[in-house]
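Here is the structure we will look at, set down as structure tokens.
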């Protein structure tokens, strides 16, 4: 029993240290990581397998590299009632979004720059019953 009493402070200190180390790890929601841009964009593409209909700046499948982390690495879109696409683009770096941000044919909203209420107002112009709770892409 005296041996246990001697090591008890060491055991308790070790457990506290381990617990505090584990507690410092934070898990980032994959729906909030990377750079995200919401936009109202025109549809492009001819509708063939090689060139499917998609929002402007979404790469055609034959130009996507699944392991690449450059350019647009994820997206989700819904076609609006007026034929425009409501899109969320995801990029690993902000520079990959610059071309979209500079395009006057695309109405864009950048996370951290624009107000959520402005985004919602714009999207609801194109789909009256748009549901933001079920829109957004998760990228690992």
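One table, with the values for the structure above:
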| read-out | value |
| --- | --- |
| Some residue of the range 107-125 being free of Cβ contacts under 8 Å to residues at least 40 places away in the same chain and crowded, with 18+ Cβ neighbours inside 10 Å | no |
| Enumeration of residues in the range 103-112 that are more than 15 Å from the chain's Cα centre (by Cα) and part of a loop (DSSP other than H, G, I, E, B) | 103, 104, 105, 106 |
| Those residues of the range 117-140 which are over 19 Å from residue 106 (Cα atoms) and outside any loop (DSSP other than H, G, I, E, B), in sequence order | 132, 133, 134 |
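Here, each number is a calculation from the coordinates, and none is a lab measurement. Please read these numbers as outputs of a predicted model, since none were measured by experiment. No Cβ is skipped: glycine too gets one built from the backbone with ideal geometry, and neighbour counts run over all protein chains shown.
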